[in-house]
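What follows is one structure encoded as C-alpha coordinates, with my remarks underneath.
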Amino acid sequence: MEIIKRIVQDQEAERKRILSQPDIITRNAGSGVAKLALGHPNAFAVLGIRRCGKSTMVWLLLRKKKYAYINFDDEALYGIKASELNSVLKAFYELYGEDVEFLVLDEIQNVEGWELFVNRLSRSRKVIITGSNSALLSGELATHLTGRHSDFLLFPFGFAEYLAYRNADVSMATRSPFATETASMMSRLLSDYIDRGGMPEGYKFGMERIKATFGDIMARDVIRRHGVRNAKVIESLARYLVSNFAKEITYSSVCKAIGINKVGTASAYVGYLEEAYLVFNLSRFSFKLKKREVAPKKTYCIDTSFIGAIGFNISENSGRLMENVVAIELLRRKSYRDAGMELFYWKDHYGREVDFVVKRGKGVKELLQVTRASSRDEINERELEALAYAAKDLRCKNLLIITWDYDGEVRVSGIRVRCIPLWRWLLG
(Lines give C-alpha, C1' and ligand atoms only; values in the text may rest on other atoms or scores of the structure.)
Protein backbone atom coordinates (compact mmCIF):
# COMPACT_ATOMS: atom_id res chain seq x y z
CA MET A 1 0.00 0.00 0.00
CA GLU A 2 2.94 2.36 0.57
CA ILE A 3 3.68 2.16 -3.16
CA ILE A 4 0.10 3.17 -4.00
CA LYS A 5 0.27 6.08 -1.54
CA ARG A 6 3.46 7.27 -3.23
CA ILE A 7 1.81 7.06 -6.66
CA VAL A 8 -1.23 9.01 -5.43
CA GLN A 9 0.99 11.73 -3.95
CA ASP A 10 3.16 11.94 -7.07
CA GLN A 11 0.05 12.32 -9.20
CA GLU A 12 -1.27 14.99 -6.82
CA ALA A 13 1.92 17.01 -7.23
CA GLU A 14 1.62 16.79 -11.02
CA ARG A 15 -2.06 17.75 -10.83
CA LYS A 16 -1.27 20.86 -8.77
CA ARG A 17 1.45 21.83 -11.23
CA ILE A 18 -0.95 21.59 -14.17
CA LEU A 19 -3.73 23.50 -12.41
CA SER A 20 -1.32 26.32 -11.51
CA GLN A 21 -0.67 27.09 -15.18
CA PRO A 22 -2.27 30.31 -16.44
CA ASP A 23 -3.69 28.88 -19.67
CA ILE A 24 -6.14 26.38 -18.11
CA ILE A 25 -9.50 26.77 -19.83
CA THR A 26 -12.77 26.03 -18.02
CA ARG A 27 -14.73 23.77 -20.35
CA ASN A 28 -18.12 24.98 -21.55
CA ALA A 29 -19.41 21.57 -20.54
CA GLY A 30 -18.53 22.23 -16.91
CA SER A 31 -21.44 24.60 -16.41
CA GLY A 32 -23.98 22.21 -17.88
CA VAL A 33 -24.62 18.50 -17.66
CA ALA A 34 -21.38 17.64 -15.87
CA LYS A 35 -21.82 20.14 -13.03
CA LEU A 36 -25.44 19.11 -12.57
CA ALA A 37 -24.46 15.43 -12.33
CA LEU A 38 -22.09 16.12 -9.43
CA GLY A 39 -25.05 17.08 -7.28
CA HIS A 40 -26.46 13.58 -7.42
CA PRO A 41 -25.19 10.54 -5.52
CA ASN A 42 -23.52 7.44 -6.87
CA ALA A 43 -21.38 7.13 -10.03
CA PHE A 44 -20.67 9.72 -12.69
CA ALA A 45 -18.68 8.69 -15.79
CA VAL A 46 -16.81 11.20 -17.95
CA LEU A 47 -16.01 9.68 -21.33
CA GLY A 48 -14.15 10.92 -24.37
CA ILE A 49 -11.17 10.41 -26.63
CA ARG A 50 -7.77 10.09 -24.96
CA ARG A 51 -6.13 13.45 -24.10
CA CYS A 52 -9.20 15.60 -24.80
CA GLY A 53 -9.17 17.10 -21.27
CA LYS A 54 -11.40 14.78 -19.21
CA SER A 55 -9.15 14.78 -16.14
CA THR A 56 -8.61 18.54 -16.19
CA MET A 57 -12.34 19.15 -16.48
CA VAL A 58 -12.99 16.94 -13.44
CA TRP A 59 -10.24 18.67 -11.44
CA LEU A 60 -11.74 22.07 -12.22
CA LEU A 61 -15.24 20.93 -11.27
CA LEU A 62 -13.94 19.64 -7.93
CA ARG A 63 -11.58 22.53 -7.21
CA LYS A 64 -13.47 23.56 -4.06
CA LYS A 65 -14.40 20.02 -3.06
CA LYS A 66 -12.54 17.45 -0.97
CA TYR A 67 -11.61 14.61 -3.29
CA ALA A 68 -9.14 11.79 -3.78
CA TYR A 69 -7.72 10.99 -7.22
CA ILE A 70 -5.76 8.23 -8.92
CA ASN A 71 -4.94 7.72 -12.60
CA PHE A 72 -4.71 4.08 -13.67
CA ASP A 73 -3.00 5.09 -16.92
CA ASP A 74 0.20 5.41 -14.87
CA GLU A 75 2.77 2.82 -15.95
CA ALA A 76 3.52 2.14 -12.27
CA LEU A 77 -0.01 0.74 -11.95
CA TYR A 78 0.09 -1.41 -15.07
CA GLY A 79 -1.20 -4.88 -14.31
CA ILE A 80 -2.93 -3.96 -11.05
CA LYS A 81 -5.72 -6.43 -10.28
CA ALA A 82 -9.28 -5.75 -9.15
CA SER A 83 -8.49 -7.57 -5.90
CA GLU A 84 -5.92 -4.86 -5.14
CA LEU A 85 -8.31 -1.92 -5.57
CA ASN A 86 -9.25 -2.00 -1.90
CA SER A 87 -5.66 -0.95 -1.18
CA VAL A 88 -6.31 2.16 -3.28
CA LEU A 89 -9.33 2.95 -1.11
CA LYS A 90 -7.29 2.50 2.09
CA ALA A 91 -4.57 4.74 0.68
CA PHE A 92 -7.16 7.42 -0.04
CA TYR A 93 -8.50 7.30 3.52
CA GLU A 94 -5.04 7.44 5.06
CA LEU A 95 -3.98 10.38 2.91
CA TYR A 96 -7.19 12.41 2.83
CA GLY A 97 -9.37 11.13 5.69
CA GLU A 98 -12.55 9.10 5.57
CA ASP A 99 -14.69 12.22 5.05
CA VAL A 100 -13.41 12.66 1.50
CA GLU A 101 -16.42 13.65 -0.62
CA PHE A 102 -15.49 12.40 -4.09
CA LEU A 103 -13.40 9.47 -5.26
CA VAL A 104 -11.99 9.99 -8.77
CA LEU A 105 -10.79 6.91 -10.66
CA ASP A 106 -9.16 8.00 -13.91
CA GLU A 107 -8.97 5.54 -16.86
CA ILE A 108 -10.37 2.81 -14.60
CA GLN A 109 -11.04 0.53 -17.58
CA ASN A 110 -7.35 -0.42 -17.45
CA VAL A 111 -8.15 -2.62 -14.45
CA GLU A 112 -9.89 -5.82 -15.47
CA GLY A 113 -12.92 -6.53 -13.29
CA TRP A 114 -13.13 -3.00 -11.84
CA GLU A 115 -16.93 -2.86 -12.14
CA LEU A 116 -17.83 -4.61 -8.89
CA PHE A 117 -15.44 -2.38 -6.93
CA VAL A 118 -17.06 0.78 -8.30
CA ASN A 119 -20.52 -0.67 -7.77
CA ARG A 120 -19.73 -1.26 -4.09
CA LEU A 121 -18.20 2.21 -3.64
CA SER A 122 -21.11 3.99 -5.26
CA ARG A 123 -23.53 2.75 -2.61
CA SER A 124 -21.96 5.05 -0.04
CA ARG A 125 -19.68 7.46 -1.93
CA LYS A 126 -19.79 9.81 -4.87
CA VAL A 127 -17.58 8.17 -7.46
CA ILE A 128 -16.31 9.78 -10.66
CA ILE A 129 -14.77 7.54 -13.29
CA THR A 130 -13.21 8.56 -16.58
CA GLY A 131 -12.48 6.48 -19.63
CA SER A 132 -11.39 6.62 -23.25
CA ASN A 133 -13.77 3.96 -24.49
CA SER A 134 -17.54 4.05 -24.99
CA ALA A 135 -17.81 0.45 -23.80
CA LEU A 136 -16.81 1.57 -20.29
CA LEU A 137 -20.38 1.42 -18.99
CA SER A 138 -21.36 -1.81 -20.68
CA GLY A 139 -21.57 -5.18 -19.02
CA GLU A 140 -21.30 -5.64 -15.28
CA LEU A 141 -21.40 -1.97 -14.20
CA ALA A 142 -24.41 -1.08 -16.33
CA THR A 143 -26.24 -4.12 -14.97
CA HIS A 144 -25.64 -3.24 -11.32
CA LEU A 145 -25.88 0.56 -11.58
CA THR A 146 -29.13 0.79 -13.54
CA GLY A 147 -30.70 4.12 -12.58
CA ARG A 148 -27.81 4.94 -10.25
CA HIS A 149 -25.24 6.42 -12.60
CA SER A 150 -24.97 9.15 -15.20
CA ASP A 151 -22.47 9.64 -17.96
CA PHE A 152 -21.17 12.52 -20.02
CA LEU A 153 -19.24 12.59 -23.29
CA LEU A 154 -16.54 15.28 -23.48
CA PHE A 155 -15.27 16.46 -26.87
CA PRO A 156 -12.09 18.32 -27.82
CA PHE A 157 -12.23 22.13 -27.62
CA GLY A 158 -15.07 23.77 -29.51
CA PHE A 159 -14.45 27.04 -31.35
CA ALA A 160 -15.48 29.20 -28.36
CA GLU A 161 -13.07 27.31 -26.08
CA TYR A 162 -10.32 27.70 -28.67
CA LEU A 163 -10.92 31.46 -28.73
CA ALA A 164 -10.68 31.53 -24.93
CA TYR A 165 -7.38 29.66 -25.12
CA ARG A 166 -6.08 32.20 -27.67
CA ASN A 167 -7.25 35.09 -25.44
CA ALA A 168 -8.91 36.42 -28.55
CA ASP A 169 -10.80 39.69 -28.15
CA VAL A 170 -14.06 38.68 -29.76
CA SER A 171 -16.24 41.37 -28.17
CA MET A 172 -16.77 42.89 -31.60
CA ALA A 173 -18.48 39.64 -32.62
CA THR A 174 -21.24 40.64 -30.21
CA ARG A 175 -21.12 44.40 -30.81
CA SER A 176 -20.92 44.32 -34.62
CA PRO A 177 -21.37 40.76 -35.92
CA PHE A 178 -22.01 41.88 -39.50
CA ALA A 179 -19.03 44.24 -39.84
CA THR A 180 -16.34 43.42 -42.40
CA GLU A 181 -13.60 43.75 -39.76
CA THR A 182 -15.38 41.23 -37.53
CA ALA A 183 -15.87 38.75 -40.36
CA SER A 184 -12.23 39.05 -41.42
CA MET A 185 -10.88 38.50 -37.90
CA MET A 186 -13.18 35.58 -37.16
CA SER A 187 -12.42 33.94 -40.50
CA ARG A 188 -8.68 34.04 -39.72
CA LEU A 189 -9.27 32.53 -36.28
CA LEU A 190 -11.58 29.89 -37.71
CA SER A 191 -9.01 28.88 -40.33
CA ASP A 192 -6.44 28.44 -37.58
CA TYR A 193 -8.90 26.43 -35.46
CA ILE A 194 -9.63 24.10 -38.40
CA ASP A 195 -5.90 23.63 -39.03
CA ARG A 196 -4.96 23.03 -35.39
CA GLY A 197 -8.13 21.35 -34.14
CA GLY A 198 -9.35 21.22 -30.57
CA MET A 199 -6.97 18.82 -28.80
CA PRO A 200 -5.50 20.88 -25.93
CA GLU A 201 -2.00 19.36 -26.04
CA GLY A 202 -1.77 20.03 -29.76
CA TYR A 203 -1.69 23.77 -29.01
CA LYS A 204 1.31 23.42 -26.71
CA PHE A 205 3.32 20.68 -28.40
CA GLY A 206 2.22 20.70 -32.04
CA MET A 207 1.36 17.94 -34.49
CA GLU A 208 3.96 15.54 -33.14
CA ARG A 209 1.92 15.26 -29.95
CA ILE A 210 -1.22 14.57 -32.01
CA LYS A 211 0.61 11.78 -33.83
CA ALA A 212 1.75 10.37 -30.48
CA THR A 213 -1.81 10.53 -29.16
CA PHE A 214 -3.03 8.63 -32.20
CA GLY A 215 -0.41 5.98 -31.48
CA ASP A 216 -1.57 5.73 -27.85
CA ILE A 217 -5.20 5.42 -28.92
CA MET A 218 -4.38 2.61 -31.30
CA ALA A 219 -2.07 0.77 -28.89
CA ARG A 220 -4.05 1.12 -25.66
CA ASP A 221 -7.68 1.77 -26.54
CA VAL A 222 -7.96 -0.40 -29.64
CA ILE A 223 -5.27 -3.07 -30.09
CA ARG A 224 -4.59 -4.00 -26.47
CA ARG A 225 -8.19 -3.63 -25.33
CA HIS A 226 -9.63 -5.84 -28.08
CA GLY A 227 -6.66 -8.18 -28.52
CA VAL A 228 -6.26 -7.26 -32.21
CA ARG A 229 -3.59 -9.50 -33.71
CA ASN A 230 -2.99 -7.64 -36.95
CA ALA A 231 -2.07 -4.20 -35.64
CA LYS A 232 -0.90 -2.93 -39.04
CA VAL A 233 -4.25 -3.64 -40.70
CA ILE A 234 -6.37 -1.84 -38.10
CA GLU A 235 -3.96 1.11 -38.07
CA SER A 236 -4.24 1.30 -41.86
CA LEU A 237 -8.02 1.23 -41.47
CA ALA A 238 -7.88 4.11 -38.97
CA ARG A 239 -5.79 6.20 -41.36
CA TYR A 240 -8.14 5.33 -44.21
CA LEU A 241 -11.25 6.42 -42.30
CA VAL A 242 -9.62 9.62 -41.03
CA SER A 243 -8.48 10.46 -44.56
CA ASN A 244 -11.93 9.77 -46.00
CA PHE A 245 -13.77 11.96 -43.51
CA ALA A 246 -17.17 13.34 -44.55
CA LYS A 247 -17.56 10.51 -47.09
CA GLU A 248 -19.81 7.49 -47.30
CA ILE A 249 -18.32 4.12 -46.46
CA THR A 250 -19.51 0.53 -46.64
CA TYR A 251 -17.83 -2.42 -44.98
CA SER A 252 -17.29 -4.04 -48.38
CA SER A 253 -15.51 -0.89 -49.63
CA VAL A 254 -13.37 -0.91 -46.49
CA CYS A 255 -12.41 -4.54 -47.13
CA LYS A 256 -11.40 -3.68 -50.68
CA ALA A 257 -9.38 -0.59 -49.72
CA ILE A 258 -7.51 -2.12 -46.78
CA GLY A 259 -7.28 -5.76 -47.85
CA ILE A 260 -9.48 -7.24 -45.14
CA ASN A 261 -10.91 -10.62 -46.09
CA LYS A 262 -14.17 -10.63 -44.13
CA VAL A 263 -16.90 -7.99 -43.92
CA GLY A 264 -17.51 -9.04 -40.33
CA THR A 265 -13.89 -8.24 -39.45
CA ALA A 266 -14.15 -4.82 -41.11
CA SER A 267 -17.36 -4.11 -39.19
CA ALA A 268 -15.75 -5.11 -35.89
CA TYR A 269 -12.63 -3.02 -36.53
CA VAL A 270 -14.65 0.08 -37.43
CA GLY A 271 -16.63 -0.48 -34.23
CA TYR A 272 -13.42 -0.57 -32.18
CA LEU A 273 -12.38 2.81 -33.62
CA GLU A 274 -15.80 4.25 -32.84
CA GLU A 275 -15.60 2.93 -29.28
CA ALA A 276 -12.28 4.76 -28.88
CA TYR A 277 -14.00 7.96 -30.15
CA LEU A 278 -11.57 8.41 -33.04
CA VAL A 279 -14.38 8.39 -35.62
CA PHE A 280 -18.16 8.77 -35.63
CA ASN A 281 -20.45 7.24 -38.23
CA LEU A 282 -23.78 8.79 -39.17
CA SER A 283 -26.60 6.71 -40.63
CA ARG A 284 -28.54 7.70 -43.72
CA PHE A 285 -31.97 8.94 -42.69
CA SER A 286 -35.02 6.78 -43.16
CA PHE A 287 -38.16 6.39 -41.10
CA LYS A 288 -37.60 2.64 -41.50
CA LEU A 289 -34.93 1.28 -39.17
CA LYS A 290 -33.93 -1.56 -41.50
CA LYS A 291 -33.13 0.88 -44.32
CA ARG A 292 -30.92 2.89 -41.96
CA GLU A 293 -28.95 -0.19 -41.04
CA VAL A 294 -28.20 -1.36 -44.58
CA ALA A 295 -27.42 2.03 -46.14
CA PRO A 296 -23.81 3.30 -46.28
CA LYS A 297 -22.58 5.26 -43.25
CA LYS A 298 -20.93 8.65 -43.37
CA THR A 299 -17.69 8.91 -41.39
CA TYR A 300 -16.37 11.91 -39.46
CA CYS A 301 -13.16 12.30 -37.46
CA ILE A 302 -13.34 13.44 -33.82
CA ASP A 303 -11.02 16.38 -34.52
CA THR A 304 -9.46 18.05 -37.53
CA SER A 305 -6.01 17.87 -35.88
CA PHE A 306 -5.96 14.11 -36.53
CA ILE A 307 -6.92 14.71 -40.15
CA GLY A 308 -3.89 16.96 -40.58
CA ALA A 309 -1.54 14.74 -38.59
CA ILE A 310 -2.28 11.25 -39.92
CA GLY A 311 -4.53 11.66 -42.94
CA PHE A 312 -3.46 11.66 -46.56
CA ASN A 313 -4.71 13.40 -49.72
CA ILE A 314 -6.49 16.12 -47.73
CA SER A 315 -5.45 19.13 -49.82
CA GLU A 316 -8.25 21.12 -51.44
CA ASN A 317 -10.77 19.67 -48.99
CA SER A 318 -11.79 22.86 -47.20
CA GLY A 319 -15.51 22.18 -47.75
CA ARG A 320 -15.24 18.70 -46.23
CA LEU A 321 -13.22 20.08 -43.33
CA MET A 322 -16.01 22.55 -42.65
CA GLU A 323 -18.52 19.70 -42.78
CA ASN A 324 -16.44 17.69 -40.30
CA VAL A 325 -16.34 20.66 -37.91
CA VAL A 326 -20.12 21.01 -38.14
CA ALA A 327 -20.67 17.28 -37.54
CA ILE A 328 -18.58 17.26 -34.37
CA GLU A 329 -20.17 20.49 -33.14
CA LEU A 330 -23.62 18.96 -33.56
CA LEU A 331 -22.51 15.90 -31.59
CA ARG A 332 -20.97 18.20 -28.97
CA ARG A 333 -24.28 20.07 -28.57
CA LYS A 334 -26.13 16.78 -28.28
CA SER A 335 -23.85 15.70 -25.44
CA TYR A 336 -23.70 19.04 -23.62
CA ARG A 337 -27.27 20.28 -23.80
CA ASP A 338 -29.56 18.48 -26.25
CA ALA A 339 -29.66 14.79 -25.41
CA GLY A 340 -32.86 14.26 -27.40
CA MET A 341 -31.20 15.19 -30.70
CA GLU A 342 -30.73 12.48 -33.31
CA LEU A 343 -28.39 13.13 -36.20
CA PHE A 344 -28.41 11.68 -39.74
CA TYR A 345 -27.59 12.55 -43.32
CA TRP A 346 -30.09 12.34 -46.20
CA LYS A 347 -29.66 11.00 -49.71
CA ASP A 348 -32.13 9.88 -52.34
CA HIS A 349 -31.78 7.43 -55.22
CA TYR A 350 -30.88 10.28 -57.60
CA GLY A 351 -27.80 11.07 -55.50
CA ARG A 352 -29.20 14.31 -54.09
CA GLU A 353 -27.73 14.76 -50.61
CA VAL A 354 -28.23 16.90 -47.51
CA ASP A 355 -25.36 16.91 -45.05
CA PHE A 356 -27.30 16.80 -41.77
CA VAL A 357 -30.80 15.90 -40.66
CA VAL A 358 -31.63 16.90 -37.08
CA LYS A 359 -34.45 14.86 -35.58
CA ARG A 360 -36.11 15.25 -32.19
CA GLY A 361 -38.91 12.99 -31.10
CA LYS A 362 -40.93 11.77 -34.06
CA GLY A 363 -40.23 14.65 -36.39
CA VAL A 364 -37.36 16.18 -38.38
CA LYS A 365 -36.64 19.63 -36.94
CA GLU A 366 -33.85 20.99 -39.14
CA LEU A 367 -31.93 20.33 -42.36
CA LEU A 368 -28.37 21.66 -42.68
CA GLN A 369 -26.18 21.99 -45.74
CA VAL A 370 -22.50 22.99 -45.51
CA THR A 371 -20.72 24.84 -48.32
CA ARG A 372 -17.45 26.77 -48.80
CA ALA A 373 -19.42 29.63 -50.40
CA SER A 374 -18.50 33.24 -49.64
CA SER A 375 -21.28 34.76 -51.74
CA ARG A 376 -24.74 33.86 -53.01
CA ASP A 377 -23.37 33.07 -56.45
CA GLU A 378 -21.01 30.45 -55.02
CA ILE A 379 -23.81 28.36 -53.52
CA ASN A 380 -24.19 25.31 -55.72
CA GLU A 381 -27.69 24.99 -57.17
CA ARG A 382 -27.52 21.23 -56.70
CA GLU A 383 -27.18 21.78 -52.94
CA LEU A 384 -30.29 23.96 -52.98
CA GLU A 385 -32.15 21.39 -55.06
CA ALA A 386 -31.25 18.67 -52.56
CA LEU A 387 -32.56 20.82 -49.70
CA ALA A 388 -35.83 21.36 -51.55
CA TYR A 389 -36.38 17.65 -52.17
CA ALA A 390 -35.39 16.72 -48.63
CA ALA A 391 -37.68 19.39 -47.20
CA LYS A 392 -40.60 17.92 -49.11
CA ASP A 393 -39.67 14.31 -48.33
CA LEU A 394 -39.17 14.94 -44.60
CA ARG A 395 -41.82 17.66 -44.18
CA CYS A 396 -39.37 20.14 -42.75
CA LYS A 397 -39.23 23.86 -43.51
CA ASN A 398 -36.41 24.79 -41.14
CA LEU A 399 -33.54 24.91 -43.62
CA LEU A 400 -30.03 26.23 -43.00
CA ILE A 401 -26.94 26.60 -45.16
CA ILE A 402 -23.69 27.04 -43.27
CA THR A 403 -21.27 29.01 -45.42
CA TRP A 404 -17.75 30.30 -45.10
CA ASP A 405 -18.53 33.97 -45.41
CA TYR A 406 -22.06 34.55 -46.76
CA ASP A 407 -24.79 35.83 -44.48
CA GLY A 408 -28.30 36.19 -45.84
CA GLU A 409 -31.09 34.08 -47.18
CA VAL A 410 -32.21 32.41 -50.37
CA ARG A 411 -35.46 30.84 -51.45
CA VAL A 412 -35.88 27.40 -52.90
CA SER A 413 -39.27 26.04 -54.02
CA GLY A 414 -40.88 28.88 -52.11
CA ILE A 415 -39.16 27.97 -48.84
CA ARG A 416 -36.89 30.45 -47.04
CA VAL A 417 -33.36 29.13 -46.45
CA ARG A 418 -31.18 30.91 -43.92
CA CYS A 419 -27.46 31.27 -44.68
CA ILE A 420 -24.96 31.89 -41.89
CA PRO A 421 -21.14 31.92 -41.74
CA LEU A 422 -19.62 28.96 -39.95
CA TRP A 423 -17.96 31.07 -37.23
CA ARG A 424 -21.27 32.65 -36.25
CA TRP A 425 -23.02 29.28 -36.18
CA LEU A 426 -20.25 27.76 -34.02
CA LEU A 427 -20.60 30.58 -31.50
CA GLY A 428 -24.31 29.91 -31.27
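The values are calculated or read from the model by the stated rules, or taken from the named source; none is laboratory data. Keep in mind it's a predicted model, so treat the numbers as computed, not measured. Cβ sites come from the backbone with ideal geometry, for glycine too, and all protein chains shown count toward neighbours.
Filtered by the rule that a residue be under 20 Å from Ala13 (Cβ atoms) and more than 29 Å from the chain's Cα centre (by Cα), the stretch 67-89 gives a lone residue, Val88. With respect to the conditions (1) small (Gly, Ala, Ser); (2) in the same structural domain as Leu426 (by TED's automatic domain parsing); (3) surrounded by fewer than 18 Cβ atoms within 10 Å (Cβ to Cβ), Ala373 lacks only one, and its number is (3). If you filter the stretch 168-203 down to residues that are at pLDDT 90 or above and in a loop (DSSP other than H, G, I, E, B), you find that the one that is farthest from Asp405 (Cα to Cα) is Met199. The single condition among (1) at pLDDT 85 or above; (2) among the β-branched types (Val, Ile, Thr); (3) not in a helix (DSSP H, G or I) that Thr146 does not meet is (1).
When Ala13 is tested against (1) among the hydrophobic types (A, V, I, L, M, F, W, C); (2) over 22 Å from Lys334 (Cβ atoms); (3) touching a helix residue (DSSP H, G or I) at 6+ places or on another chain (Cβ under 9 Å); (4) modelled with pLDDT of 95 or more, just one condition goes unmet, and that condition is (3).
For the stretch 34-56, the count of residues that are more than 23 Å from Ile210 (Cβ to Cβ), assigned to a helix (DSSP H, G or I) and among the small types (Gly, Ala, Ser) is at least one.
For first residues located in the stretch 247-259 and in contact (Cβ under 8 Å) with a residue 12 or more places away in the chain, partners that are assigned to a loop (DSSP other than H, G, I, E, B) and lie 6+ apart or on another chain with Cβ distances below 6 Å form the pairs Glu248/Pro296; Thr250/Pro296. Residues that are under 28 Å from the mean Cα position of the chain (by Cα), at pLDDT below 95 and among the aliphatic types (A, V, I, L, M) do not occur anywhere in the stretch 90-105. Those strands (runs of 3 or more DSSP E) of the stretch 343-428 in which at least 1 residues are polar (S, T, N, Q) and out of contact with any Leu (no Cβ under 6 Å at 6 or more places or on another chain), considering only elements entirely within it, cover 399-403.
Being touching a residue at least 40 places away in the same chain (Cβ under 8 Å), closer than 21 Å to Asn317 by Cα, surrounded by 15 or more Cβ atoms within 10 Å (Cβ to Cβ) and outside the structural domain of Arg395 (by TED's automatic domain parsing) is not true of Phe214. Just one of the listed residues (Lys64, Lys90) is over 30 Å from Leu331 (Cβ atoms), outside any helix (DSSP H, G or I) and not hydrophobic (A, V, I, L, M, F, W, C), and it is Lys64.
Close contacts from the stretch 275-300, counting a first residue that is closer than 28 Å to Leu136 by Cβ and a second that is exposed (fewer than 12 other Cβ atoms within 10 Å of the Cβ), with Cβ to Cβ under 8 Å and a gap of 6+ residues or different chains, come to Ser283/Glu293. Per the conditions (1) buried (at least 18 other Cβ atoms within 10 Å of the Cβ); (2) within 18 Å of the chain's Cα centre (by Cα), the sole criterion not satisfied by Arg284 is (2).
Can you confirm whether the stretch 69-82 contains a residue that is part of a strand (DSSP E or B), polar (S, T, N, Q) and touching a residue at least 12 places away in the same chain (Cβ under 8 Å)? Yes, there is a match, as at least one residue in the stretch 69-82 is part of a strand (DSSP E or B), polar (S, T, N, Q) and touching a residue at least 12 places away in the same chain (Cβ under 8 Å).
Output yes when any residue across the stretch 68-83 is crowded, with 18+ Cβ neighbours inside 10 Å and under 20 Å from Arg337 (Cα atoms), and no when none is. Taking every residue of the stretch 68-83 in turn, none turns out to be crowded, with 18+ Cβ neighbours inside 10 Å and under 20 Å from Arg337 (Cα atoms). Within the stretch 12-23, does at least one residue satisfy the condition of being in contact (Cβ under 8 Å) with a residue 12 or more places away in the chain and small (Gly, Ala, Ser)? No. Looking at Lys347, Lys362, Lys392, Lys397, just one residue is basic (Lys, Arg), within 30 Å of Ser236 (Cα to Cα) and either buried (at least 17 other Cβ atoms within 10 Å of the Cβ) or not assigned by TED's automatic domain parsing to the domain that holds Glu248 (or both), and that residue is Lys347.
Each row is one residue, and each column tells you yes or no for (1) assigned to a strand (DSSP E or B); (2) out of contact with any strand residue (DSSP E or B) (no Cβ under 6 Å at 6 or more places or on another chain); (3) crowded, with 17+ Cβ neighbours inside 10 Å; (4) modelled with pLDDT of 95 or more.
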| position | (1), (2), (3), (4) |
| --- | --- |
| Phe280 | yes, no, yes, yes |
| Lys290 | no, yes, no, no |
| Glu293 | no, yes, no, no |
| Phe312 | no, yes, no, no |
| Glu323 | no, no, yes, yes |
| Leu330 | no, no, yes, yes |
